[in-house]
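Every number here is computed from the coordinates shown, using simple stated rules; none is lab data. What you see is a predicted model, and the numbers here were worked out from it, not measured in a lab. Every residue, glycine as well, gets a Cβ built from its backbone with ideal geometry; the counts of neighbours run over all protein chains shown.
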Amino acid sequence: MNVKDITLTKNALAVLERRYLAKDTEGRVSETPEQLFRRVAECVASVDAAHDGRVSICERAEVYYGMMASFGFLPNSPTLMNAGTKVGQLSACFVIPVEDSIAGIFGAVTTMAEVHKSGGGTGFSFSRLRPKDDIVGSTGGVASGPVSFMKIFDQATDVIKQGGRRRGANMGILRVDHPDIMEFIGAKETGEAFRNFNLSVAVTDTFMERLEKNEEYPLVNPRNSKVTGWLRAGEVWKKMTEMAWLTGDPGVIFIDRMNRANPTPQAGAFEATNPCGEQPLLPFESCNLGSINLKNVVAGGDVDWEKLRRLVRDGVQFLDGVIDANRYPQAEIQEMTHANRKIGLGVMGLAEALIRMGIPYASEQAVRMGEKIMKFISEEGVRKSMELGRERGSFPNFKGSVWAEKGFEAMRNATVTTVAPTGTISIIAGASSGIEPLFAVSYVRRVMDGTELVESSGLFEEAARKAGIYSEALMDEVVRRGTVRDVDGVPEDMKKLFATALDIEPKWHIRMQAAFQKHTDNAVSKTINLPAVSTPEDVEDVYLKAYSLGCKGITVYRYGAQDGQVLSYPGLPRMTRADESVKVDSEYAGECRVCSV
């Protein structure tokens, strides 16, 4: 495939030039998109050749180049940025433990800085830190608590751009039974605190049981495991949903459910996830992600299953190679990552794929198709990882893992699938983000420290011409509104097919997330978009539905909850409060939460 075969949108080229293409010492772009994809392909193909001397680097690199240059598959941003360069750090997701000591806390800050500098995003559980006003034995003083120490992480992130190209991205998590949980839940209520953090509460099964019965539950000091007090579950839940309505945070992580799906329980328990919540990891573990563009696997109104199979198999091998090609920021991270060899193959472009198949997103047929697609990807991905395990050896923690207990004879990777938000890589691919519906038929995306990109659905223009309703006036009206819901002259079936994130009832968002979660090893990043007029009770309903349907986590975003939100309709006013906190100006997420994919 030659450079002339690479078709880039104006927005894709802008993102590539600003963030991904190599630059010379004067800051001028010094490589083409073709050269970028070849640089990445050759770096990863060299791993294949190292494993098997019969493999030609050139032939394997051509396979990887082809699937990237055709936008059938793209790896996470650090791989595109750093493969074949001096930096060489290729993973997007890291979880760094925060121990209950000054050395442990500031050691985690140092590790975070190294990860951000190399282009990765970090997740932290602050649940090990003793609560506010607890005793500090070494000094006789009192502790300041997790939230105060989180400010140090937030401020450090402010001054360290990821790889010199991207803002830092963090996830902060606190267990619901930590004594400081109410302070944590309200951390973003006023001012502009924690702009570099997404926040999530690690909710336990016990809490959910007490919530159902409207009972109190115990708060436990992590320093000595003693009960320090009791809170009524309903009051905590109400505060969570009110704050999520107001600011978008906190989200919810169903931590016990995540740990029941932990493939290597003998190696440790999950405490935290990556910045968007889709990748639970053990302390010091990293993971590299990649996504298949479903928009490009639909032909003749149906999925080209053979093409999808090839992309899955090549994608798994590519991501496994990234683990070995990677240069890790710390030895502990390299050791833990190699012990489990986790990869996360996911998707983007689901919205366009459904449109091309004539299936409205808000429908039973769409949910069934989403589940069918992810089941296929999971089965093919596991099959390929098992083959690689036989050829190259299983991941070192295979013995004692869930895979061994299931009777698998070999497995190269402890996890194979993850559904990420695919923020900027979906822009490069010209596709919708992750498994989100169209955010709008026409909308404004704020990226790269304030740059605004206007994006429109070419599929709608194509459908309008086919239906004989196309006109400049119609397109102008669609651009003005962002949605076709109330546009005169658009047939009802077309309105349903091109329903946008805010047109769609929350239940369909949740059901789609749950459908993909059924066949995803890790978790699913998905924003449940709510209209500006939604209430805290609507948020509560979403959270409860997500739990009942088996989701591992959940995030909501009420339109207009931030003055600087990432995605917005050009002509739709936002309902905001003057004292609202401003969430992260994300340049990564297809939703309104900071992300590093």
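Put simply, the convex hull of the Cα atoms in segment 218-286 casts, on average, a shadow of 6.3 nm². Between residue 32 and residue 213, the distance separating the two model label sites (each 7 Å from Cα on the Cα→Cβ line) works out to 6.8 nm. Counting every C-alpha pair in segment 257-306, the share spaced more than 15 angstrom apart comes to 59%.
Stokes-Einstein diffusion of segment 142-286 at 25 °C, 0.890 mPa s viscosity, Kirkwood radius from Cα pairs, rounded to a whole number: 151 µm²/s. With contacts taken as Cα pairs under 8 Å and at least 6 residues apart, the chain reaches a relative contact order of 16 percent. Gain on full extension, evaluated as 0.36 nm per residue between residue 476 and residue 22 minus their Cα-Cα distance, stands at 159.7 nm. Annotation for segment 461-520 versus segment 393-413: alpha-carbon center distance of 44 Å. Inter-part distance, segment 310-386 to segment 1-63, computed on C-alpha centroids, equals 21 Å. List every DSSP H helix in the chain whose Cα atoms extend 20 Å or more along the helix's own long axis and whose mean Kyte-Doolittle hydropathy is at least -0.5. Those that pass (Cα extent of 20 Å or more, hydropathy at least -0.5) are 33-51, 102-117, 233-247, 305-325. Rounded to the nearest 0.05, the FRET efficiency derived from the C-beta distance between residue 375 and residue 102 at R0 = 56 Å is 0.70. Checking the Cα-Cα distances for 226/526; 239/507; 466/526; 188/552; 10/375 against a 30 Å cut-off, the pairs over it are 226/526; 466/526; 10/375.
In this structure the amide hydrogen of residue 439, modeled in the peptide plane, comes within under 5 Å of the amide hydrogens of 501, none closer than 5 places in sequence on its chain.
Each label was represented as a point 7 Å from its Cα along the Cα-to-Cβ direction; for residue 62 and residue 383 these points are 2.6 nm apart.
What you get for the chain, charging only the Cβ of Lys and Arg (+1) and of Asp and Glu (-1), is a dipole of about 800 debye around the Cα centre. Remark on segment 354-428: Rg and Dmax equal 16.5, 46 Å (Cα only). Given q = 0.08 Å⁻¹, what are the Debye log10 I(q)/I(0) values for the chain, with equal point scatterers placed on the Cα positions and solvent ignored? Log10 I(q)/I(0), no solvent term: -0.51. For a modelled paramagnetic label at residue 391, 7 Å from Cα along Cα-to-Cβ, the residues of segment 42-65 in reach, with backbone nitrogen under 14 Å, are 45-57, 59-61, 63-64. Please report the antiparallel percentage of the DSSP beta bridges confined to segment 47-179, to the nearest 5. Counting only bridges with both partners in segment 47-179, antiparallel ones make up about 30 percent.
When the P(r) is computed for segment 1-153, the part past 19 Å accounts for 64% of the Cα-Cα pairs. Taking each residue as 0.36 nm, the span from residue 132 to residue 549 lengthens on full extension beyond its C-alpha to C-alpha distance by 146.6 nm. Divided by 2.2 N^0.38 Å, where N counts the residues, the Cα radius of gyration of segment 279-319 comes to 1.55.
May I ask you to list the residues of segment 323-364 whose amide nitrogen lies under 18 Å from a point 7 Å from Cα along the Cα→beta-carbon direction of residue 505? Flagged as within label range: 360-364. Listed by chain and number, the aspartates and glutamates placed with their C-alpha closer than 15 angstrom to that of residue 406 are 379, 521; residues fewer than eight positions away on the same chain are left out. All C-alpha pair distances within segment 301-380, sorted into 10 Å bins from zero, spread as 16, 37, 24, 16, 6 percent across the bins.
Dividing the alpha-carbon radius of gyration of segment 230-348 by the rule-of-thumb value 2.2 N^0.38 Å gives 1.39.
In this simple spin-label model, placing a label point 7 Å from the Cα along the Cα-to-Cβ direction at both residue 256 and residue 537 gives a separation of 2.8 nm. For segment 349-489, the orientation-averaged shadow of the C-alpha convex hull comes to 12.1 nm² (one quarter of the hull surface). Using 0.36 nm per residue and subtracting the Cα-Cα separation, the extra length available between residue 368 and residue 306 on full extension is 20.4 nm. Note on the chain: helix-only mean residue ellipticity at 222 nm, from DSSP H runs of 4+ residues weighted -39500 (n - 2.57) and normalised by residue number, equals -12000 deg cm²/dmol. The residue 467 and residue 51 beta-carbon pair, evaluated with R₀ = 60 Å, returns a calculated FRET efficiency of approximately 0.70.
Counting only Cβ charges, +1 for Lys and Arg and -1 for Asp and Glu, the dipole size of segment 1-53 around its Cα centre is about 340 debye. Computed over the alpha-carbon pairs of segment 111-219, the distance histogram in 10 Å steps reads 14, 37, 31, 15, 3, 0 percent, short to long.
Counting only Cβ charges, +1 for Lys and Arg and -1 for Asp and Glu, the dipole size of segment 246-335 around its Cα centre is about 300 debye.
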